[in-house]
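Okay, so here's the structure we're looking at.
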Amino acid sequence: MNVKLVGSLIAVSIIACPLLYIFVGPALDASQLETLKILGYIAGGSALFCFVVGELTGNNSQMDKLWSLLPIAYTWVIAAKGGMSTRLVVMACLATLWGIRLTFNFARKGAYKLKFWEGEEDYRWSVLRAKKEFQPHWKWMLFNLFFISLYQNALVLMTTFPALVLMNVDKPFGWMDCVAAALMLGFIMYETVADEQQWAFQSTKWKILGQGKKLEELPAPYNKGFNTTGLWGVSRHPNYLGEQAIWFCFYLFTIGGGIGIINWSLIGALLLVVLFLGSSAFAEEISMGKYPEYSRYCQTVSKFFPGKRY
């Protein structure tokens, strides 16, 4: 992941969020600001935990473990503070369903342990830590503080802002809310299928490799080393596409609530797109270094939206 990109992300967030709030609206009332204060305490505590535990253990996947859990907490706090309106409860239920799916997918990779500070670390962090840009360690410590711990916690909170702006809306649950709910549920299912296909492929690949065979000795398509079957045959990152689309669908509820087509709560979904652009580029850089055919795969298969290049 490019250090300049990370700095740009943080800078854009600091500048764009208040500007959108001031010039686009809507303004938060006293009860919404009080709710945001509660959410801020949760996010702040999470950031402190991620930084301290990450530094003490050398495992920087602490935020990865919380990524799928925090939106559940945030949306239910908002729903409770908003009087458990139909719209907010539906949004909280969908966020919970999303969180259960993501937590399960991360848990089966060995991420969660009884000793909560342990567990499997995302392989990309170790690759990133080894880069010369993060030597000596104090440079990585700053990255851990400002990007992994503070920025990512802020971003996760921002993805739930559509629920916050709808907290005191009186407009009844309508057809646009139904569209948003159906689309969000559809993309959760899409991402689930992508994850299951990836899990099945990687599990089989590593099972065969465990028998003492080399990668090039594996039967097709496992001999490539990366998945090119199912959704992965028409999109290099179908799971990322689903993830980004889910939070745009979450934003659509604000249109159903009469907030307007464009409002400042869109910032979370937009910044998530930028994050995934950087994250996918870094993941592909690693894959190109590991698998000879990956460059060809990138030339023939679309990055996010399903499609082939000829």
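The values are calculated or read from the model by the stated rules, or taken from the named source; none is laboratory data. Predicted, not measured: the structure shown is a model, and the values here were computed from it. Please note: Cβ atoms are built from the backbone with ideal geometry, for glycine as well, and neighbour counts cover all protein chains shown. Accessible surface areas use protein heavy atoms only, side chains included; no ligands, DNA or RNA. Shrake-Rupley method; radii C 1.70, N 1.55, O 1.52, S 1.80 Å.
Observations on the model:
- In a reduced charge model with +1 at each Lys and Arg Cβ and -1 at each Asp and Glu Cβ, the chain shows a dipole moment near 720 debye about its Cα centre.
- Sequence-distant aspartates and glutamates (8 or more away, or on other chains) whose Cα lies within less than 17 Å of Lys308: Glu293
- Accessible surface calculations at 1.4 Å, restricted to protein heavy atoms, place region 49-117 at 43 Å² per residue.
- Qualifying aspartates and glutamates (Cα of each under 12 Å from Cα of Lys113; at least 8 residues distant if same chain): Glu121
- Area accessible to solvent at His137, 1.4 Å probe radius, in Å²: 100
- Accessible-area composition of the chain, carbon plus sulfur, in percent [1.4 Å probe]: 69
- For region 109-227, a Kirkwood hydrodynamic radius built from all Cα pairs, placed in the Stokes-Einstein relation at 20 °C and 1.002 mPa s, yields a translational diffusion coefficient of 112 µm²/s.
- 10 Å binning of all Cα-Cα separations within region 1-136, expressed as whole percents from 0 upward: 10, 28, 36, 21, 5, 0
- Contact order for region 38-157, expressed relative to its length and based on alpha carbon pairs under 8 Å spaced 6+ residues apart, stands at 40 percent.
- Across the chain, the mean sequence separation of Cα contacts (distance under 8 Å, 6 or more residues apart), normalised by length, yields a relative contact order of 24 percent.
- Considering only Phe253, Ser149, Phe226, the residue lying farthest towards the positive end of the dipole of the chain is Phe226, judged by Cα position with unit charges set on Cβ.
- Simple spin-label estimate for Glu293 and Asp29 in nanometres, 7 Å along Cα-Cβ: 6.0
- Cα centroid separation - region 1-80 against region 90-168, whole Å: 10
- Members of Lys109/Lys131; Lys37/Lys303; Lys132/Lys214; Lys109/Lys303; Lys132/Lys290 lying beyond 29 Å, as alpha-carbon distances in this model show: Lys37/Lys303; Lys132/Lys214
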